[in-house]
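The values are calculated or read from the model by the stated rules, or taken from the named source; none is laboratory data. From a predicted model like this one, the values you see are computed outputs, not experimental measurements. In this analysis, Cβ positions are derived from the backbone assuming ideal geometry, glycine residues included, and neighbour counts consider all displayed protein chains.
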Amino acid sequence: MNILQEDFTKLVNFVQHNFGIDLSRKKQLIESRLSNTLKEKGYSDFSSYVKYITTTKNKNDIDLMLNKLTTNYTYFMREREHFDFFKDTILPYLAETKKTSKILSIWSAGCSSGEEPYTLTMLLKDYFSKQPGWDTRILATDISQNVLSTAMKGEYAIESIKEVPPHWKTSYFSKTTNPSKVCVTKAVKDNVIFRTFNLMDPINFKMKFDVIFCRNVMIYFDQPTKDALVNRFYNATNPGGYLLIGHSESVNRAAVPYKYIMPATYRK
Ligand SMILES: C[S@@+](CC[C@H](N)C(=O)[O-])C[C@H]1O[C@@H](n2cnc3c(N)ncnc32)[C@H](O)[C@@H]1O
C-alpha cells in the first residue's frame, strides 16, 4: 500500500510532535511496516487510517502503530561496558555517598521489554547482597504498554540468557512450565517499578536520579528533541549523578552541561 505525500507529512508531524520520533526519511518503512496492520483493521488506503490515528484517543491503536514503526530490540547485558562501569565505578560511588539514606534512585528510560532494568537489578543484588537495608528499586519506563506487559511478566527465551554470568542463571532466574522459557525471580521483579512514560513529557518524578540509563532511544529523535530531553534529564539528575546513552549516540555538549566521562557516559 502506498502513502500519499500529504498523508505522509501529516503522520510524520503527528508522531514527531507527540512522541519525538523522526520518521521524515522513513516513507518506505511506514508503507512496509503499516500496510498489513491497515489491511487487518479494514482500511483500504492510508488516508482514512492517518485521519483516524491522528485524532483518536485510543491508546492501544497508537501503541500498535508505534510498535510497528520503532524497534524494541534489546537484550540482557547489552553494551556490556556500561554494566562494567556501573558495577566498578558507579556502585562504589553510590555506596559511599548514599550510606546514610541507603536509598538509590536509578531510572531505565525506554526500558523496552525489561532486560536492561533486570540486568541492573542483578548487578545491584550482587553488589549489595552483603550490605542489608539498601533500597535499590529501579524506575523503568517506556511509551509502549505492549513492551511493558512483557517486561512485567519477566519471561524470556532460554537462549536470551546465554551471555549472563553462570551464577545469575541459578540465582535470578527460575524455570517455567515451558521448557524453552525462563522467568526472572520474584525478588528481581520486585526491584523494578514499571511505568508508562512518554519522554516528550515534563519529568516530574518525586526524586532526582543518581543514574539515568536512556540507551538506544534517542536514535529516533531529531537534534532539538534530543537536546531538550537531555536538558530535562540534567535537571532530573542529582549532582554527581550519571547519564548513560547508547554507544552509537552522543550528547550535544554545546547544548547540555553534562560532563563527558567516556563514550556514551556523562556526569552532572
Ligand atoms: C531499542 S529500545 C531500547 C531498549 C534498551 N534501553 C536498550 O538499550 O536495549 C527503544 C525503546 O524506546 C521506546 N521509546 C521510543 N520513543 C519513546 C518515547 N517518546 N518515550 C518513551 N519511550 C520511547 C520504545 O518504545 C522502545 O521500547
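Tally the residues that are of a type in the set (Phe, Trp, Tyr) and not in a helix (DSSP H, G or I), restricting the search to segment 29-77.
Total meeting the criteria: 4.
Name the pairs whose Cβ atoms lie under 9 Å apart, with the first residue in segment 105-127 and over 19 Å from Gly241 (Cα atoms) and of a type in the set (Lys, Arg), the second more than 15 Å from the ligand (Cβ to nearest atom) and part of a loop (DSSP other than H, G, I, E, B), and 6 or more positions between them or separate chains?
Lys125/Thr136; Lys125/Tyr172; Lys125/Asn191
Given the criteria within 16 Å of the ligand (Cβ to nearest atom), modelled with pLDDT under 95 and either within 27 Å of Ile103 (Cβ to Cβ) or crowded, with 17+ Cβ neighbours inside 10 Å (or both), does Val217 qualify?
no
Against the definition (in a helix (DSSP H, G or I), within 15 Å of the ligand (Cβ to nearest atom) and surrounded by 11 or more Cβ atoms within 10 Å (Cβ to Cβ)), how does Leu199 come out, yes or no?
No: the conditions fail for Leu199.
Would you be able to tell me the number of residues in segment 131-185 that are within 13 Å of the ligand (Cβ to nearest atom), among the polar types (S, T, N, Q) and in contact (Cβ under 8 Å) with a residue 12 or more places away in the chain?
Qualifying residue count, segment 131-185: 6.
Please tell me if Leu23 is outside the structural domain of Phe209 (by TED's automatic domain parsing), aliphatic (A, V, I, L, M), within 16 Å of the ligand (Cβ to nearest atom) and outside any helix (DSSP H, G or I).
yes
Any residue that is under 14 Å from Asp210 (Cβ atoms), within 16 Å of the ligand (Cβ to nearest atom), in the same structural domain as Asn204 (by TED's automatic domain parsing) and surrounded by 14 or more Cβ atoms within 10 Å (Cβ to Cβ) - is there at least one of those in segment 92-107?
Scanning segment 92-107, I find at least one residue that is under 14 Å from Asp210 (Cβ atoms), within 16 Å of the ligand (Cβ to nearest atom), in the same structural domain as Asn204 (by TED's automatic domain parsing) and surrounded by 14 or more Cβ atoms within 10 Å (Cβ to Cβ), so the answer is yes.
Report, by residue number, each residue of segment 213-252 that is of a type outside the set (Gly, Ala, Ser), more than 13 Å from Pro263 (Cβ to Cβ) and part of a strand (DSSP E or B).
Correct list: Phe213, Cys214, Phe221, Thr237, Asn238, Pro239, Tyr242.
Can you tell me how many residues within segment 144-158 are modelled with pLDDT of 95 or more and either over 21 Å from the mean Cα position of the chain (by Cα) or not in a helix (DSSP H, G or I) (or both)?
Qualifying residue count, segment 144-158: 5.
Determine if segment 224-241 includes at least one residue that is at positive phi, surrounded by fewer than 21 Cβ atoms within 10 Å (Cβ to Cβ) and outside the structural domain of Asn18 (by TED's automatic domain parsing).
Yes, there is a match, as at least one residue in segment 224-241 is at positive phi, surrounded by fewer than 21 Cβ atoms within 10 Å (Cβ to Cβ) and outside the structural domain of Asn18 (by TED's automatic domain parsing).
Out of Val256, Val188, which single residue is among the hydrophobic types (A, V, I, L, M, F, W, C), over 24 Å from Thr71 (Cα atoms) and surrounded by fewer than 21 Cβ atoms within 10 Å (Cβ to Cβ)?
Val256
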